[in-house]
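One structure is given below, encoded as structure tokens.
The values are calculated or read from the model by the stated rules, or taken from the named source; none is laboratory data. Bear in mind that the values here come from a model prediction, so they are computed numbers and not experimental data. Note: ideal-geometry Cβ built from the backbone for every residue, glycine included; neighbour counts use all protein chains shown.
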Amino acid sequence: MADNKLYEILGVSRSASDSEIKRNYHKLAKEFHPDKNPAAGDRFKEISYAYEVLSDPKKRQTYDKFGLKGLQEGGQGGGFPSDDFFGHLFGDIFGMGGGRGGGRGRARGEDTIHPLKVSLEDMYMGKTAKLQLSKNIICGACNGVGGKAGSVVSCRDCHGQGLKVYYQQIGPHMTRQYQSRCPSCQGQGETINDKDKCTKCKGKKVLNETKILEVHVEKGMNENQKIYFRGEGDQQPDTQPGDVIIVLQQKPHDLFQRTGDDLVMKRDITLTEALCGFEFVVKHLDGRDLLVRHLPGEVIKPGDLKGIQGEGMPQYKNPFEKGNLYIKFDVKFPENHFASEEQIKQIESILPPRPAFVMPTGEDVEEVNMMEYTPSDRNRGREEAYASDDEEHMHAGPGVQCAHQ
């Protein structure tokens with residue numbers, strides 16, 4: 001049977017011309033416009049929507065062929081109203097379920113988030129961890145009803161709303177209205193007699209169970225990366241379970257720091273190693289020993305950064321490609337008076353010569369001595385300067401002040 005609802009709203013026949021449709025729309029829109037008829041808001045929306053469809057040749061053709069259902073199915077992304085719009089606006093007229101949300105599915109429960117601490121080795125090599133999860137499940141004995149068939153009734157105190165309205169006197173001829181959870185049904189909106197409650201869940205409709213989830217940490221995963229277990233959240237009657245979301249948290253590592261797919265480590269070397277070369281072994285995250293060798297004569301300066309290609313972290317979803325390993329060097333110099341005068345001369349003969357020094361002449365030349373510096377020395381110097389300045393002010397007489405006036 002052809003769907004003529006939109007034509008009926010505009011009061012035209014199925015074969016009406018474009019001009020006839022337009023003429024009737026303007027007539028009805030003027031009559032039911034909210035500015036003129038505030039109580040006809042929904043009626044005006046129906047008229048506007050009917051005209052929107054029938055004045056568009058493509059939409060009218062789709063409607064004539066498939067009806068409103070065809071508009072809904074073909075209009076997701078084409079500018080047509082959603083299921084909720086149809087259910088709310090045209091439910092009573094078109095018999096599409098009435099009421100807001102008539103075409104919607106079950107409500108969705110909240111997601112459950114669990115942090116999982118993993119080592120850098122786990123992120124390098126991959127790992128399967130077992131996580132014990134406590135969750136609510138629908139009671140199998142009563143199928144989530146909470147009691148015997150027909151035993152669940154709407155709460156008389158809140159009339160099934162789960163909330164009660166209270167009034168509080170706050171002054172002469174003044175009251176305050178507020179809502180609170182219904183104490184009779186604990187906000188559930190329904191009650192069950194104690195004798196009719198399910199013996200297994202005690203009327204709660206859900207039971208608590210412990211479940212073991214296997215969390216697969218893949219190679220190259222990152223800090224704060226999320227692993228989803230769809231539908232593994234708490235269950236509630238008439239509610240779609242949410243997800244369990246595992247959030248990876250990397251433990252600090254003694255040697256390596258991670259930067260994206262790269263690894264960075266620090267290494268202290270002696271002055272001799274910095275000048276004459278060195279060898280050392282790095283224990284990698286997969287247990288391999290990496291031999292690091294630096295040739296003599298290639299000087300390492302404090303703060304130098306050297307890279308080893310392909311020895312960083314594996315890329316996520318592409319573990320055969322890896323970042324780089326970077327080593328930041330700090331050179332440890334020897335203590336004072338480490339060599340005799342003879343040894344110093346030998347070292348000088350090997351190292352590049354010192355820059356030439358020309359001694360200045362004149363009466364303004366003054367030789368000073370260097371000493372070890374600590375922050376406390378700087379503070380003490382300031383205190384002594386302030387104390388000296390205060391002492392001068394104390395010894396200055398009134399005459400000095402007059403001299404400045």
- Query: Which of the residues spanning the range 289-298 are loosely packed, with under 10 Cβ neighbours inside 10 Å and within 22 Å of Asp122 (Cα to Cα)?
  - Reply: Asp289
- Note on the structure: Over the range 50-68, the set of residues of a type in the set (D, E, K, R) and surrounded by 14 or more Cβ atoms within 10 Å (Cβ to Cβ) is Glu52, Lys59, Arg60, Asp64
- Query: Could we say that Asp196 is of a type outside the set (A, V, I, L, M, F, W, C), under 30 Å from Lys130 (Cβ atoms) and either surrounded by 13 or more Cβ atoms within 10 Å (Cβ to Cβ) or in contact with a helix residue (DSSP H, G or I) (Cβ under 9 Å, 6 or more places away or on another chain) (or both) here?
  - Reply: no
- Note on the structure: Matching residues in the range 326-378 (over 22 Å from Thr272 (Cα atoms) and not hydroxyl-bearing (Ser, Thr, Tyr)) number 20
- Message: Regarding the range 254-264, can at least one residue be identified that is exposed (fewer than 12 other Cβ atoms within 10 Å of the Cβ), in a loop (DSSP other than H, G, I, E, B) and either out of contact with any helix residue (DSSP H, G or I) (no Cβ under 7 Å at 6 or more places or on another chain) or not small (Gly, Ala, Ser) (or both)?
- Response: yes
- Item | Residue identified as in contact with a strand residue (DSSP E or B) (Cβ under 7 Å, 6 or more places away or on another chain), modelled with pLDDT under 90 and on the phi < 0 side of the Ramachandran plot among Cys198, Cys139, Cys158 | Cys158
- Note on the structure: Scanning the range 269-288 residue by residue, the ones that are in a strand (DSSP E or B), within 38 Å of the chain's Cα centre (by Cα) and surrounded by fewer than 16 Cβ atoms within 10 Å (Cβ to Cβ) total 1
- Note on the structure: Going through the range 297-353 in order, the residues found to be of a type in the set (Phe, Trp, Tyr), in contact with a Leu (Cβ under 6 Å, 6 or more places away or on another chain) and under 26 Å from Asp286 (Cα atoms) are Tyr326
- Going through the range 163-189 in order, the residues found to be surrounded by 14 or more Cβ atoms within 10 Å (Cβ to Cβ) and charged (D, E, K, R) are Lys164
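So that you can scan it fast, the table gives a plain yes or no per residue for (1) within 30 Å of Arg230 (Cβ to Cβ); (2) at pLDDT 75 or above:
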{"site": "Ala2", "(1), (2)": "no, no"}
{"site": "Asp18", "(1), (2)": "no, yes"}
{"site": "Lys22", "(1), (2)": "no, yes"}
{"site": "Phe32", "(1), (2)": "no, yes"}
{"site": "Phe44", "(1), (2)": "no, yes"}
{"site": "Lys58", "(1), (2)": "no, yes"}
{"site": "Thr62", "(1), (2)": "no, yes"}
{"site": "Glu73", "(1), (2)": "yes, no"}
{"site": "Gly95", "(1), (2)": "no, no"}
- Task: Could you list all residues from the range 359-390 that are of a type in the set (Phe, Trp, Tyr) and at pLDDT below 65?
- Result: Tyr386
